[in-house]
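Heads up: the structure comes next, in structure tokens.
Any read-out appearing in this document is the output of simple, stated calculations on the displayed coordinates, not a laboratory observation. Quick caveat, the model's predicted, so the values are computed rather than measured.
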Amino acid sequence: MFSVPILKGLAIGKIGFLGKLGLIGLFGILALVIVVIIVIAVIAFFLLKRMNKK
């Protein structure tokens, strides 16, 4: 009888932990996407500058 709520608590704890990891993963992916966009924008900006000089 006592083991059931403990197992439920452990399951919820694991789901919460996985949920936190999932959120960190999502933020990591978003950060990577933002960095990639910034890098592409900077490269495009420099390429445009070079094209304008010529």
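Overview of results
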read-out	value
Degrees, to the nearest 10: 3-53 long Cα axis against longest axis of the chain	0 degrees
Overall Cα dimensions of the chain - principal axes, largest extent first, Å	80, 6, 5
